[in-house]
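Visitor: Submitted below is the structure of interest, expressed as structure tokens.
Rule-based calculations on the coordinates, nothing more; no lab input. None of these values were measured; they are calculated from a predicted model.
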Amino acid sequence: TMQTEQNLEGTLVSKAIETSVGLAFDNVEEIDVDIQTDILKLLQGQVDGVGVQGQGLEMQGVRIQELQLQTDTVSVNPLNAVFGKVEFDQPVNANARVVLTEDDLNRAMTTDWVRNFLKKGLALNLNGEDVTFKPQLMRIHLPEPNKIKVVGKILLEQGGATRPLTFQSIFCPRTETSPIILESFVCAENEGVTLDFVTAFIQKIKELTQAPHLEIDGTAFRVKKMEVEKGTMTLIVQVHLRKIPSSNKVESCN
């Protein structure tokens, strides 16, 4: 029947697109792409939606344990789409659910783009004076539900002087209704900081987590919600794709 033929064509296109989406990643354990359309719409360059489900996806050294992504309507180059090459004629909006393990998060912390972001340091305004702290070493632990433990060493630059600070902090992740909360901030002995510093630090973290979006290789995204279980973090993300991501360039925008 016509319907069966359309489904068959749609399946072939899905498989071809699966390959092109898979090529955007450096490594893929499992990926499944579902094109929600029929061949007549596809020939007119219209796709009702694209669903992507994947496991063990790697890009730029960042590994994602699990990805579920669903786009809204997509406008594509019809001829290319029929041959399985996806090129968006207009930007695409999607919602995604991303699961990262503790290991995934810590591997991400060592990637060049995160290192470059951290190397710039974060400037705080402390009673009218600029204080910059540059992370040297960071380790993230997810010890129990709704707790993020960060252990690290930073260099504090204040008034021309630099001193190291070894700390351990525990955060409660932000939800759709409440901001990120710093539950505790403990410094190594003889390396204390003032309450003013901790207040300014919390304010800075809040600013960063409320930034409108991050951008990586033509993809802007905003984290709407974080869910933390022991050993894993799930992010509910709004995504704005200007093109299919390729794995050659990463940048971040504040």
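Visitor: Distance cut-off 30 Å, Cα to Cα: go down the list K15/K230; K206/K230; K120/K149; K119/K224 and report the pairs above it.
Guide: K15/K230
Visitor: So what is the diffusion coefficient of the range 43-138 in µm² per second by Stokes-Einstein at 37 °C and 0.692 mPa s, using a Kirkwood Rh over Cα pairs?
Guide: Value of D from the Cα-based Kirkwood radius: 196 µm²/s.
Visitor: Using a/c under 1.5 as the rounded threshold, could you call the range 14-75 rounded, prolate or oblate? The axes a ≥ b ≥ c are square roots of the C-alpha gyration tensor eigenvalues, and prolate needs a/b larger than b/c, oblate otherwise.
Guide: Prolate shape, in that a/c is at least 1.5 and a/b is the bigger ratio.
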